[in-house]
Amino acid sequence: MSLESRRAFLRFLAGSPLFAGLGAALAGCRPAAKGNGAAAAAEPPPDLVGSATEALDVFDLRAVAQHKLPPAHWGYMATGVDGEATLRANEEAFARLYLRPRRLVDVTTVDPRVTIFGREWPAPIALCPVSGQLAFHPERELGSARAARASDTLQMLSTVATSGVEEVSAARGEPVWYQLYPTGRWDVTQALVRRAEAAGCPAIVLTVDLPVDSNRLTAARLARQDARDCTVCHGTAEQRESTYFARKPMFTGITLGRGEMRASALTWEFVQRLRGITRGRLLLKGLVTREDAARALQAGVDGIIVSNHGGRAEESGRATIDSLPEVVAAVGGRIPVLMDGGVRRGTDVFKALARGATAVCVGRPYVWGLAAFGHAGVERVITLLRAELARTMQLAGTPALRDIGPSAIGNA
Ligand SMILES: Cc1cc2nc3c(=O)[nH]c(=O)nc-3n(C[C@H](O)[C@H](O)[C@H](O)COP(=O)(O)O)c2cc1C
């Protein structure tokens, strides 16, 4: 085990109620109060699956993840904003769409392959950038990368990951796409892009939906319930503000406060400027309107990810699957349009494809897999979603992606 991996493992132990006593002893952390977190109970509930392969759908992995994670970490992952209408809408809107299956089509074989920027992928399902994966499992982003490698899945790495882009790309077996948070400081943006490009990342994904901190109440509430001493890993509130980014591997050598990172003054000029220095592909993540899609085309971006940050940014109340059609219409097939938010089953993937998405990305589901069983859990999520999509394609009489058009679904 490398020194960094060992440190990461110890930090994880310190954060896990499963190992509260041991972790505290190793890492010098105040042990968790008795009864803190579901996992403090010795015996797992009998209905939890005991291995990744036993999971029948992604929700089986969610149950294990919730059982294993301490309240604050579960809350960080699960949270939406305000009353969480947008978080719910993302999932519920899929249920309002129904399939219009065609019969008497030869569906002996299905072909879910998709090509994005000249690279062919086995399925139109990618892993979203998700920050701080050490909070979920000691394998952190490397576990996700191992699963992405085994299944040849497109992986995006967060700017605020708990692993550097070089080690993640090495574990993935090829450079990942790099998600960039804008900052008010151009030198920082430049340094991050240069580092990602030096690691070979073929695409930069600029996230534009969080100009200020959002109102994450579930995260705040569950953090209060967590009796562990969070300062051991995160520092005091003051330190957290001033060193949050400096402690992330992608910011080694860069000092930046949380406020500076939010870049609330950012405009399309920034996108234009970023376009100017980005050698590879540039995508915008977080667009939800036709107006912004049109601006993005003018700015010369190569792709769009329709996203509301998994209901973690503004409380719009609108599901991304419902934002997708207007973006797709504005883009008119000129660049790939990916989408994320609420994708939990193969039928959801199918519905997004029918509404014009080139591919979908999943966020929480693979984190559930990671938290539950490390890389094996992430792999299981990918396997399940792919199998569900393939089966849906067969049952709907659409054996290739090009067969999944608008008429393959309807709106209840
Ligand atoms: C715990 C967590 C951390 C996230 N971190 C980032 C991030 O660092 N950068 C980013 O662009 N999006 C981030 N997102 C948003 C995801 O990339 C994605 O938009 C969202 O999770 C998709 O919705 P889903 O979770 O319903 O699949 C995060 C989401 C979660 C749940």
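Any read-out appearing in this document is the output of simple, stated calculations on the displayed coordinates, not a laboratory observation. Given the structure is predicted, the values throughout are model-derived calculations rather than measurements. For neighbour counting, all protein chains shown are included, and Cβ atoms are generated from backbone atoms with ideal geometry for every residue, glycine included.
Among the trypsin sites (Lys or Arg not before Pro) found in region 75-121, those both in a DSSP coil and sparsely packed, with 13 or fewer other Cβ atoms within 10 Å of their Cβ, are Arg102, Arg103, Arg113. May I ask for the percentage of alpha-carbon pairs in the chain that lie more than 36 Å from each other? More than 36 Å apart: 21 percent of the Cα pairs in the chain.
Neighbours of Ala313 by Cβ distance under 14 Å: Lys/Arg scored +1, Asp/Glu scored -1, total -3. Each peptide among 213-220, 338-345, 75-82 gets the average number of other Cβ atoms lying within 10 Å of its residues, and from highest to lowest they stand as 338-345, 75-82, 213-220.
With both bridge residues required to lie in the chain, what share of the DSSP beta bridges run antiparallel, to the nearest 5%?
20 percent
Between Leu282 and Ile204, Asp302, Gly303, the built amide H atoms are under 5 Å apart, and every one of these is 5 or more places off in sequence or on another chain. Working note: Karplus 6.51/-1.76/1.60 with θ = phi - 60° gives region 305-314 the couplings 10, 6, 7, 10, 6, x, x, 10, 10, 7 Hz, where Gly and Pro are set to x.
Candidate membrane-span-like segments in the chain, meaning DSSP H helices with Cα atoms spread over at least 27 Å of their own axis and a Kyte-Doolittle mean of 1.0 or above, do not occur, with no membrane implied either way. Please work out the FRET efficiency for the pair Ala400 and Gln272, using the Cβ-Cβ distance as r and a Förster radius of 25 Å; give the result to the nearest 0.05. Efficiency for this residue pair is about 0.10.
The radius of gyration of the Cα set in region 288-358, together with its Dmax, comes out at 11.6, 34 angstrom. Each DSSP beta bridge with both residues in region 102-221 is either parallel or antiparallel, and the antiparallel ones are about 35%.
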